[in-house]
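Worksheet: one structure, shown below.
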Amino acid sequence: MGTVPSALKHCLSYQHLLKEQLWIAEPPAAAHPAQEPQASGLPEYIKIVEVGPRDGLQNEKVIVPTDIKIELINQLSKTGLPAIEVTSFVSSKWVPQMADHKEVMRGIERHPGVQYPVLTPNLQGFHSAIAAGATEVSVFGAASESFSKMNINCSIEESMEKFEEVTKSARNMNIPVRGYVSCALGCPYEGNVVPDKVAEVSKRLYSMGCYEISLGDTIGVGTPGSMKKMLEAVMKEIPLSALAVHCHDTYGQALANILTAIQMGVTVVDSSVAGLGGCPYAKGATGNVATEDVIYMLNGLGINTGVNLYAVMEAGNFICTALNKKTNSKVAQASFSTGTIN
Amino acid sequence: QVSSAAASGGYPKRVKVVEVGPRDGLQNEKNVVPTPVKISLINMLSETGLQVIEATSFVSPKWVPQMADHTEVMQGINKLPGISYPVLTPNLKGFQAAVAAGAKEVSIFGAASELFTKKNINCSIEESLERFEEVMKAAREGSIPVRGYVSCVLGCPYEGKISAAKVAEVSKKMYSMGCYEISLGDTIGVGTPGSMKEMLTAVMKEVPVGALAVHCHDTYGQALANILVALQMGVSVVDASVAGLGGCPYAQGASGNVATEDLVYMLNGLGIHTGVDLQKLMDTGTFICNALNRRTNSKVSQASCRL
């Protein structure tokens with residue numbers, strides 16, 4: 001605004017401020033993750049579930065070597081993130097990027113206090129995951145019949161039956177199961193998705209034993225308006241503390257949607273380092289919201305996450321360099337003139 | 001309280017979108033845009049339903065070469081009835097040139113940071129506002145409405161943190177001088193919903209919320225979340241730039257203005273009336289990005305396969 005040419009000379013001072021992490025503030029003093037609301041009515045603590053290594057990489061074109069995946073996860077383990085989704089025990093025929101699931105699972109460092117869930121589409125995948133050392137798994141349903149058919153070639157009901165097998169086995173072995181609901185705010189095939197349908201599928205997954213339900217705006221079309229309506233419906237069936245939001249930033253709405261969810265009491269947010277993972281339904285468009293940008297917002301709200309933002313940026317820098325791509329995180333872009341750490 | 005406003009669904013029914021692409025946007029683009037392209041851009045924007053389009057800036061071309069053609073642009077655009085075409089005027093001379101060229105509304109700009117003001121226009125905040133008194137006087141005499149901008153409301157590239165009280169003080173001063181609206185600018189985009197709320201709480205003690213606007217930059221990806229909080233607090237005027245034109249002069253390669261398309265998409269989803277046709281807006285964004293030979297910064301446009 002106004003005349004700024006003289007200011008250009010002072011870029012250096014600004015970069016200097018950034019290096020002092022003036023804007024990349026330290027998170028508020030860590031308290032135990034109590035869920036009492038602050039004076040602002042917002043949660044004191046938000047659990048960040050990092051999905052970059054799985055959801056992120058799965059939607060990247062370049063196949064990432066196993067050792068790079070392992071290094072990424074190891075770096076993320078040191079940032080304070082409480083949960084890192086590591087890989088997916090799906091058939092490599094369907095998802096070549098995740099073909100090295102066993103090697104990754106066995107190769108990563110397991111830090112105490114950090115969960116390393118893996119996706120398991122069926123009982124076979126579940127057994128394979130356990131054999132490889134997994135101690136938490138995820139199953140994924142959808143709130144849209146068309147999406148379920150196109151994605152995993154069966155109806156929602158049929159998919160639930162498969163997941164029942166997984167949750168039954170998991171219960172016997174004391175393995176926690178997280179449930180995902182895709183297309184919670186819209187479907188690439190059906191368009192609008194009715195909130196009651198999301199609530200119905202969520203309830204089904206919760207009743208079969210999933211400890212947490214992650215509601216995914218798979219194509220990022222949601223807005224604070226539709227997020228609110230959807231959560232109101234789901235909250236009638238599932239306790240708030242068991243809910244998470246998994247927002248895609250394809251239409252730039254992710255942070256606003258996450259803020260809305262947090263204002264309604266949601267305390268678990270999925271995100272992807274460097275915003276890894278495009279959108280398979282909109283060519284060239286972005287997908288997952290960037291972990292860095294989420295943490296920046298939560299820090300600014302005085303909400304504790306336990307995560308060191310700078311460490312996440314370093315991990316983001318690492319994987320973007322390895323993938324030879326620019327970060328999708330605006331915080332990272334703003335902090336480093338080339339989008340990478342110099 | 002932010003959360004109770006959200007819980008009760010407390011949003012304004014209508015929001016006025018102030019389109020700053022042709023001025024703030026283009027001013028921060030590297031490539032100088034030919035006059036006919038600027039005129040076409042503004043004319044296309046005039047067809048989208050936008051009620052306010054900041055057309056140009058009557059500053060010296062020595063400082064801002066991109067705005068050197070301010071007189072030609074002002075005289076060349078179609079001025080549709082019901083649409084306002086404000087222009088920036090840094091001083092009385094600029095004001096007079098603007099009015100002579102047909103301007104019917106002008107804007108002046110202050111900052112909530114002494115250091116920013118010093119580096120930018122080489123004087124103190126107090127002195128800068130004194131200079132604008134001349135403009136206010138002339139505007140009053142000519143019945144020309146004046147909009148006031150306050151820069152650095154959530155942070156300054158030189159001073160770092162900015163106190164909310166300071167923002168309130170400068171806003172109050174500009175409002176008392178006669179500005180009908182105060183646009184609060186997160187100039188380097190460092191604000192978050194937390195700092196936005198704190199700043200607005202202070203400003204709203206001094207200036208009625210109906211006279212406030214927010215001008216958020218998306219440099220740290222926080223713009224829409226910040227705008228959401230402002231709306232929850234009763235703000236109903238939001239600045240934005242088509243295609244997210246305009247980078248950030250303080251962070252090389254970083255983005256600047258929030259994209260009008262992404263803002264309108266969010267407001268539509270909230271059931272808030274803007275009067276803006278999103279498709280026509282996207283078409284306009286495509287036009288100017290082609291002319292600038294650059295990709296859009298609007299995610300809505302990108303998702304709609306308009307790279």
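We did not get these values from a lab; they are worked out from the coordinates using the rules stated. Just so we're clear, the structure is a prediction, and the values are computed from it rather than from any experiment. Don't worry about glycine lacking a Cβ; one is built from the backbone with ideal geometry, like all the others, and counts go over all protein chains shown.
With a ≥ b ≥ c taken as the square roots of the eigenvalues of the C-alpha gyration tensor of the protein assembly as shown, please select rounded if a/c is under 1.5 and otherwise prolate if a/b is larger than b/c or oblate if it is not?
Numbers: a/c = 2.01, a/b = 1.93, b/c = 1.04.
Here the protein assembly as shown falls in the prolate category.
Going by how many other Cβ atoms sit within 10 Å of their own, how do A:I130, A:I108 line up, fewest first?
Arranged by neighbour count, lowest to highest, A:I130, A:I108 become A:I130, A:I108.
Relative contact order for region A:61-183: what percent, with Cα pairs under 8 Å and sequence separation of 6 or more?
Computed value for region A:61-183: 22 percent relative contact order.
With an 8 Å Cα cut-off and a minimum separation of 6 or more residues, compute the relative contact order for chain A in percent. Could you put the intermediate results ahead of the total?
Working: 683 pairs, mean separation 66.5, N = 342.
So the answer I get is 19 percent.
How big is the charge dipole of region A:126-231 about its Cα centre, in debye rounded to the nearest 20, if each Lys and Arg gets +1 on its Cβ and each Asp and Glu gets -1 on its Cβ?
So the dipole magnitude of region A:126-231 works out to roughly 220 debye.
Whole-Hz Karplus ³J(HN,Hα) for region B:172-188, in order, using 6.51 cos²θ - 1.76 cosθ + 1.60 and θ = phi - 60°, x for Gly and Pro?
4, 4, 5, 5, 5, 5, x, 5, 7, 8, 10, 9, 8, x, 8, 4, 10
Loop-only check: which GluC sites (Glu not before Pro) in region A:201-264 are DSSP coil with at most 15 other Cβ within 10 angstrom?
In loop regions of region A:201-264 (DSSP not H, G, I, E or B), there are no sparsely surrounded GluC sites (Glu not before Pro).
Could you list A:M150, B:M177 in order of exposure, starting from the residue whose Cβ has the fewest other Cβ atoms within 10 Å?
Numbers: A:M150 13, B:M177 20.
Result, fewest neighbours first: A:M150, B:M177.
Can you grab the distance from the C-alpha centre of region A:291-311 to the C-alpha centre of region A:184-235, Å, no decimals?
Spelled out, the Cα-based centre of one part sits 25 Å from the other.
Any idea which of A:N172, A:G191, A:V221 is furthest toward the positive side of the dipole for region A:130-223, if Lys and Arg beta-carbons carry +1 and Asp and Glu beta-carbons -1?
Final value for the positive-end residue is A:N172.
I'd like the projected area of region A:74-126, averaged over all directions, using the convex hull of its alpha carbons. Report it in nm² with one decimal. All intermediate terms of the calculation are to be shown ahead of the outcome.
On the way: hull surface 15.3 nm².
Across all orientations, region A:74-126 yields a mean hull projection of 3.8 nm².
How well do other chains shield peptide A:171-181, expressed as the mean number of their Cβ atoms within 10 Å of each residue Cβ?
Taking the mean over all residues of the peptide, I get 0.
What percent antiparallel are the DSSP beta bridges of region A:189-317, to the nearest 5?
Working: 2 of 10 bridges.
So the antiparallel bridges amount to about 20 percent of the total.
Taking each residue in A:257-263, count the Cβ atoms of any other chain within 10 Å of its Cβ, then average. What number comes out?
Whole-number average of other-chain Cβ neighbours for A:257-263 is 5.
Using helices alone, what [θ] at 222 nm do you get for the protein assembly as shown, with -39,500 (n - 2.57) per DSSP H run of 4 or more residues, divided over all residues and rounded to the nearest 500?
My calculation for the protein assembly as shown gives -11500 deg cm²/dmol from helical runs alone.
Tell me the Rg and the Dmax, in Å, that the Cα atoms of region A:277-342 produce.
Answer for region A:277-342, Rg first and Dmax second: 12.5, 36 Å.
Name the residues whose placed amide hydrogens come within less than 5 Å of the amide hydrogen of B:F109, ignoring near sequence neighbours (fewer than 5 apart) on the same chain.
B:Y149
Please get the size of the charge dipole for region A:169-263, origin at its Cα centre, with Cβ charges of +1 on Lys and Arg and -1 on Asp and Glu, quoted in debye to the nearest 20.
Using Cβ point charges on Lys, Arg, Asp and Glu, region A:169-263 gives about 240 debye.
Among DSSP bridges having both ends in the protein assembly as shown, what percentage is antiparallel? Round to the nearest 5.
10
Using modelled backbone amide H atoms (1.01 Å from N, in-plane), which distant-in-sequence or interchain residues come within less than 5 Å of A:H248's amide H?
For A:H248, whose amide H was placed from the backbone, the distant partners under 5 Å are A:D217, A:G220.
I'd like the distance separating the alpha-carbon centroids of region B:164-225 and region A:245-272, in whole Å.
For region B:164-225 versus region A:245-272, the Cα centre distance is 24 Å.
How crowded by other chains is B:37-48, given as the mean number of beta carbons from other chains within 10 Å of each beta carbon?
Taking all residues of B:37-48 together, the mean is 0.
If you take the charge dipole of region B:16-300 about its Cα centre, with +1 on Lys and Arg Cβ and -1 on Asp and Glu Cβ, which of B:N257, B:S298, B:L92 is farthest toward its positive end?
Result: B:L92.
What are the trypsin sites (Lys or Arg not before Pro) within region A:63-142 that DSSP puts in a loop, where the Cβ has at most 11 other Cβ atoms within 10 Å?
Passing both the DSSP loop test and the Cβ count: A:K93.
Using the Cα gyration tensor of region A:47-336, with a ≥ b ≥ c the square roots of its eigenvalues, what is the shape: rounded (a/c below 1.5), prolate (a/b larger than b/c) or oblate (neither)?
It is rounded, given that a/c, with a ≥ b ≥ c, falls under 1.5.
Pull up the cross-link candidates among the lysines for B:K137, meaning alpha carbon to alpha carbon under 16 Å and not fewer than 8 places away within one chain.
Result set, ordered by chain and number: B:K93, B:K104, B:K173.
Would you grab the residues whose amide H sits under 5 Å from the one on A:E44? Only those 5+ places off in sequence or on another chain, please, with H modelled 1.01 Å from N.
A:E36, A:Q38
Can you find, among A:G107, A:N324, A:A282, the residue farthest towards the positive end of the dipole of chain A? Put +1 on the C-beta of Lys and Arg, -1 on that of Asp and Glu.
Result: A:N324, furthest along the dipole toward the positive end.
For region B:16-300, what relative contact order do you get, as a whole percent, if you take Cα pairs closer than 8 Å and at least 6 residues apart?
RCO, region B:16-300: 19 percent.
Convert each backbone phi in region A:182-189 into a coupling constant with the Karplus relation 6.51 cos²θ - 1.76 cosθ + 1.60 (shift: θ = phi - 60°), then list the ³J(HN,Hα) values in order as whole Hz, x for Gly and Pro.
Rounded to whole hertz, the list is 7, 6, 5, 10, x, 10, x, 9.
Between rounded, prolate and oblate, where does region A:81-157 land on the alpha carbon gyration tensor, with a ≥ b ≥ c its root eigenvalues, rounded for a/c under 1.5, else prolate if a/b exceeds b/c?
Here region A:81-157 falls in the prolate category.
Calculate the radius of gyration of the Cα atoms of region B:173-291 to one decimal place, then report Dmax, the largest Cα-Cα distance, as a whole number, both in Å.
So, for region B:173-291, Rg and Dmax equal 14.7, 44 Å respectively.
Which of these, A:G225, A:G300, A:G141, has the largest mean-square fluctuation under a Gaussian network model of chain A (Cα springs below 10 Å)?
Of A:G225, A:G300, A:G141, the Gaussian network model singles out A:G225 as fluctuating most.
Order by neighbour count: A:M208, A:M227, fewest other Cβ atoms within 10 Å first, most last. Before the final figure, lay out each step's value.
Values: A:M208 20, A:M227 27.
Neighbour counts put them in this order, fewest first: A:M208, A:M227.
State the dimensionless ratio Rg/Rh of chain B (Rg: radius of gyration of Cα atoms; Rh: Kirkwood radius).
Over the Cα atoms of chain B, Rg/Rh equals 0.93.
Explain nothing, just compute: Karplus ³J(HN,Hα) = 6.51 cos²θ - 1.76 cosθ + 1.60, θ = phi - 60°, for every residue of region B:43-53 in order, whole Hz, x for Gly and Pro.
Per residue, the Karplus-derived 3J(HN,Hα) values read 4, 5, 4, 5, 8, 8, x, 4, 9, 9, 10 Hz.
Of A:K47/B:K161; A:K283/A:K325; A:K168/A:K197; A:K61/A:K283, which sit over 20 Å apart, Cα to Cα?
A:K47/B:K161; A:K168/A:K197
With respect to the cross-link table entries A:K69/A:K93; A:K229/B:K13; A:K93/A:K162; A:K330/B:K205; A:K93/A:K203, which display a Cα-Cα separation exceeding 21 Å? Walk me through the numbers before you get to the answer.
Numbers: A:K69/A:K93 19 Å; A:K229/B:K13 18 Å; A:K93/A:K162 19 Å; A:K330/B:K205 32 Å; A:K93/A:K203 31 Å.
With Cα atoms farther than 21 Å apart: A:K330/B:K205; A:K93/A:K203.
For region B:151-209, run through the trypsin sites (Lys or Arg not before Pro) and keep only the ones in DSSP coil with at most 14 other Cβ atoms within 10 Å of their Cβ. Numbers along the way, then the final one.
Numbers: sites: B:K161, B:K166, B:K172, B:K173, B:K197, B:K205; in loops: B:K161, B:K205.
The qualifying sites are B:K161, B:K205.
For the protein assembly as shown, with only Lys/Arg (+1) and Asp/Glu (-1) charged at the beta-carbon, what is the dipole magnitude about the Cα centre, in debye rounded to 20?
Charge dipole of the protein assembly as shown: 660 debye, to the nearest 20.
Please figure out what share of the DSSP beta bridges in chain B is antiparallel and state it in percent, rounded to the nearest 5.
10
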